Every structure is written in C-alpha cells, then in structure tokens.
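Working notes, beginning with the structure itself.
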Amino acid sequence: MLDFNNLDQVYSIAEIGINHNGDVGIAKRLIDAAFACGWDCVKFQKREPDICVPEHQKNVMRDTPWGRLRYIDYRKRIEFGGAEYDQIDAYCAQKPISWTGSVWDLPSLEFLLRYDVPLLKIPSAHITNLELVTEVARSGQPVVASSGMSTMEELEACVDTIKKHCSNYVILHCNASYPAPEDEVNIRTIQTLKEHFECPIGYSGHEYGLEPTVLAVALGAMVIERHITLDHDMWGTDQKSSIEIEGMDKLIRRIRAIPTILGTAEKTVTPSEQTIRRKLRG
C-alpha cells in the first residue's frame, strides 16, 4: 500500500479530471502520456451530478460541443460510469500505471472502492463536508486532501477528522483558482503547513507554467498534482490551466532532479573540485 509517511521520492499525480470531455479515447491518450512521462498516477473526478450540482445551477443553459444543454445534462454527459471506468481500470493495468479519483459524494466513494485504487482524494470544495471526510478516512485507503479556498481553521477541522480514522494522509497546499495567479500561489505556505500539522505536505497546482510546482518540491512537497491536457485549445474550463505532454515531461524531469541538486547541507570540497583545487592552489 502507498505510504505517505515513508515516500522515497515525490509522488506525482496527473489530474485528468474532466479534460477527457466524456470521451474514453481521450482519457486513454492522457493515460498514455502520463505513463510515457513517468508519472505515478492518473486521477479523475467522480461525482453524482444529481447530488453535486446545486439546485440553482441545474437548469442554467450552457453552450457545449453537443449543443446547448442544461448544466445538469452537460454534467451527466461528461461523467464516466461503470462501463468507462472498467475500461480505464483494465487499460491502466496493462501499462501499468495507477489511477484513482476525487470523491465528491458518498455514492462516488462507494463506487471508487470497487476498484484497487492507491489513494482517495478529497477535493478542496469538500474538505468542509466532514461527513464525507469521515467516510473517506474510514475507507482504509491513503487519503489526499486539497486545501484550496480554505481557512486554516477549516483545514484544521478537516485534518482533525481524518486523524480520527486514518494515519496515512497528505495535505496539499492549493490555490483553487483556474488558473491561479502567480502572485497568489504562496508556495511558502508549504513550510507553514509542515510545521503546523506535522504530516506530509504536497502541492496541487493550477497555475500557468512549471516553476511554482518545482519550487514546491524544493520546499518539501512530497506529493504533486497537476491537471493535464492534450491541447490547451480543447474545449473545457480546465484545459488552459493544465499542462500539455511536453510540460508533463519537463516537470517530472525537473522534480526528479531536485534531490540531487539540493545535495546536503555539509560544506565540502567536491570530487569535481579536487582537480581544479590542485591546479589553482598547487
């Protein structure tokens, strides 16, 4: 089982989310990309639209690639069910690469537990839903919780709830804007969360570019999550704040290099300096 308390390197989650636009073929291409680039896990969003869509939004009309639809009908159109996830599960097993989902409601939690997922994710939108947090924590799976758009007090309540039932969890620093403004990502918060909660901390990034995620790892993030896409110009609200395949490859390479670059805190004359030292100092 994945153990967040004993990771030997950063655990990387490629968030497909709803960027598949209801198409299993697109989902498979994104799985291919994550696997080829060496990411550890791909993640989807699992929800029951009838439960999760607020009543005042259900009948709002929206332009979509399938015509003008009520928002509730659009959400159902892009939601994968058992047939699609059975395909995804088998496809990931062939690679192999792990897959999981963010849990938006109790039926979706029950649904995901049918599969051998490595972790369960509580999205930023639901860390104040302590009934859901409790059931996710009681599932026996490692737990990831994002802290976007939350106060420290709300996050404390979430962590306290998780701790009652689970010791294998990680909190992700996150700015929940899509995209997150660079002057609001506040990467130093990772250090604050590490000191305050004394548990593994990660980073879920929605910003343009790769630098904040690299800096997050340099400051101690042990789990990173980024939305991924085949093309920023594809239809969908999350596409432009996601990273394309080239960015996925660049980011994972930079992250894997960070421990080597950071090295140790000890001041020494390195092996490569020895020759120069003899040449210049005799």
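The values are calculated or read from the model by the stated rules, or taken from the named source; none is laboratory data. Just so you know, these numbers come straight off a predicted model, no measurement behind them. Please note: Cβ atoms are built from the backbone with ideal geometry, for glycine as well, and neighbour counts cover all protein chains shown.
The number of residues in the range 34-51 being surrounded by fewer than 17 Cβ atoms within 10 Å (Cβ to Cβ) and within 22 Å of S108 (Cβ to Cβ) comes to 3.
Given the condition in contact (Cβ under 8 Å) with a residue 12 or more places away in the chain, surrounded by fewer than 20 Cβ atoms within 10 Å (Cβ to Cβ) and not in a loop (DSSP other than H, G, I, E, B), answer yes or no: does some residue in the range 110-117 qualify? Checked the range 110-117: at least one residue is in contact (Cβ under 8 Å) with a residue 12 or more places away in the chain, surrounded by fewer than 20 Cβ atoms within 10 Å (Cβ to Cβ) and not in a loop (DSSP other than H, G, I, E, B). Note on the range 191-211: residues that are closer than 21 Å to A125 by Cβ, in contact with a Gly (Cβ under 9 Å, 6 or more places away or on another chain) and either aliphatic (A, V, I, L, M) or at pLDDT 95 or above (or both) total 2. The set of residues in the range 191-207 being buried (at least 17 other Cβ atoms within 10 Å of the Cβ), out of contact with any Ser or Thr (no Cβ under 6 Å at 6 or more places or on another chain) and more than 15 Å from F4 (Cβ to Cβ) consists of E207 alone.
Confirm whether L193 is farther than 28 Å from D32 by Cα and part of a helix (DSSP H, G or I). Considered against the rule, which asks whether it is farther than 28 Å from D32 by Cα and part of a helix (DSSP H, G or I), L193 comes out as yes. Scanning the range 192-221 for residues that are in contact (Cβ under 8 Å) with a residue 24 or more places away in the chain, more than 18 Å from A145 (Cβ to Cβ) and out of contact with any strand residue (DSSP E or B) (no Cβ under 8 Å at 6 or more places or on another chain) turns up E207, Y208, G209, V214, L215, A218, L219.
Within the range 40-62, the presence of at least one residue that is aromatic (F, W, Y) and under 19 Å from P142 (Cβ atoms) is confirmed.
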